[in-house]
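*Asks:* Structure in structure tokens, see below.
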Amino acid sequence: MAVLDAEPYPFDLIARQACLVIIDMQRDFLERGGFGAALGNEVSLLRGTIAPTRRLLDAARESGLTVIHTREGHRPDLADLPPAKKARGRLPSGIGDPGPMGRILVRGEPGHDIIPELYPVPGEPVVDKPGKGAFHATDLDAMLRNRGITQLIVCGVTTEVCVNTTVREANDRGYECVVVEDCVGSYFPEFQEMGLRMIKAQGGIFGWVASSQAVIAALPTSGS
Ligand code: TIU
């Protein structure tokens, strides 16, 4: 066990029971021409998360931590796309429609895939999720339980949407979550701040918040 410097109070990290979960670091959210941009967002605000997440991912791989990636998206036939989600925003070009990186948020299309900087390596599961939360309609919970995982170190985008939804789902299922403040990003600076404050308020109502430096410092050196 290692003590991880976190808010609202130190977190007791048990590396063999912990998993790095990287949420939706997909081209559709982080690059121009994708779904994030179609919603009217400036994607450059998210790109600051890439370098610290890369450093944390390297350290997690080095120390033998379980790493799981998620992607938000839908089947090519859109059978898993709720009509309400398709209609939301009244977008001229929305989910399933052609865009500069292929059909928007559709599995198998270039825009749906994970950015090259954080691409999974063999052995790291990728969870394809149709919703904002990573537990809804996926096998993530089974994967975590099969591996004896009880602690999630959470990175990804966006802080107030898929990260917050996933952390709330995980918290209700009994997992302890540490959200890595410099490895989660929002298109809205005020939502970034509030998204993190909502997690750690009230004695850590949904979990803990820590820096990537603090997480890296608490990881075991490989083999220990
Ligand atoms: N729009 C927005 O902020 N986010 C999403 O739609 N998905 C995720 O956060 N992954």
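*Asks:* What is the packing order of peptides 152-163, 16-27, taking the mean over residues of other C-beta atoms within 10 Å and listing the highest first?
*Replies:* Details: 152-163: 25.9, 16-27: 24.0.
Peptide ranking by packing, descending: 152-163, 16-27.
*Asks:* Whenever you get a sec, compute what percent of the accessible area on the chain sits on carbon and sulfur atoms (1.4 Å probe).
*Replies:* Roughly 54 percent, rounded to a whole number.
*Asks:* What is the list of residues in the range 1-41 whose amide nitrogen lies under 20 Å from a point 7 angstrom out from the Cα of Asp97, following Cα to Cβ?
*Replies:* Label zone hits: 27-41.
*Asks:* Please state the Cα pair-distance histogram of the range 82-126 with 5 angstrom bins from zero: what percent is in each bin?
*Replies:* All Cα pairs, binned at 5 Å, distribute as 5, 20, 21, 20, 15, 10, 7, 2 percent.
*Asks:* Further question: Pairs of lysines 8 or more apart, or on different chains, with alpha carbons under 20 Å: count those in the chain, would you?
*Replies:* Numbers: Lys85/Lys129; Lys85/Lys132; Lys86/Lys129; Lys86/Lys132.
For the chain, the number of qualifying lysine pairs is 4.
*Asks:* So, for the range 78-189, what is the accessible surface per residue at a probe of 1.4 Å, expressed in square angstrom? Let's see the in-between values first.
*Replies:* Details: 4810 Å² over 112 residues.
With all protein chains present, the range 78-189 gives 43 Å² per residue.
*Asks:* So the label point goes 7 Å from the Cα of Arg90 along Cα→C-beta, right? Which residues of the range 2-42 then have their backbone N under 16 Å from it?
*Replies:* 39-40
*Asks:* Please compute P(r) over all alpha-carbon pairs of the chain, binned at 10 Å starting from zero, and give each bin as a whole-number percent.
*Replies:* It works out to 8, 36, 37, 16, 3, 0, in whole percents.
*Asks:* Can you run the Rg to Rh ratio on the range 124-224? Use alpha carbon positions and the Kirkwood inverse-distance Rh.
*Replies:* Value, to two decimals: 0.96.
*Asks:* I'm checking a number: the convex hull volume of the Cα atoms of the range 8-84, normalised per residue, in Å³. What is it?
*Replies:* Details: hull volume 13.4 nm³, N = 77.
Taking the convex hull of the Cα positions in the range 8-84, it is 174 Å³ per residue.
*Asks:* Sticking with this one: Quick one: which residues, 5 or more positions from Met25 or on another chain, have an amide H under 5 Å from its amide H? H modelled 1.01 Å from N in the peptide plane, none for Pro or chain starts.
*Replies:* Those lying under 5 Å, H to H, from Met25 are Thr70, Val157.
*Asks:* Something else: Using the Cα centre of the range 60-100 as the reference point, and only Cβ charges (+1 on K/R, -1 on D/E), how large is the resulting charge dipole? Debye, rounded to the nearest 20. Provide the component values of the computation, followed by the final result.
*Replies:* Working: 7 positive and 5 negative charges, 37 e Å.
In total the dipole reaches around 180 debye.
*Asks:* Pull out the extension gain between Arg145 and Gln17, defined as 0.36 nm times the separation in residues minus the alpha carbon to alpha carbon distance; nm, one decimal. Show your work: numbers first, answer last.
*Replies:* Values: separation 128, 0.36 × 128 = 46.08 nm, distance 0.99 nm.
So the chain would gain 45.1 nm between Arg145 and Gln17.
The values are calculated or read from the model by the stated rules, or taken from the named source; none is laboratory data. Being a predicted model, the structure only gives us computed values, none of them experimental. No Cβ is skipped: glycine too gets one built from the backbone with ideal geometry, and neighbour counts run over all protein chains shown. Only protein heavy atoms, including side chains, enter the accessible area calculation; ligands, DNA and RNA are left aside. Shrake-Rupley method; radii C 1.70, N 1.55, O 1.52, S 1.80 Å.
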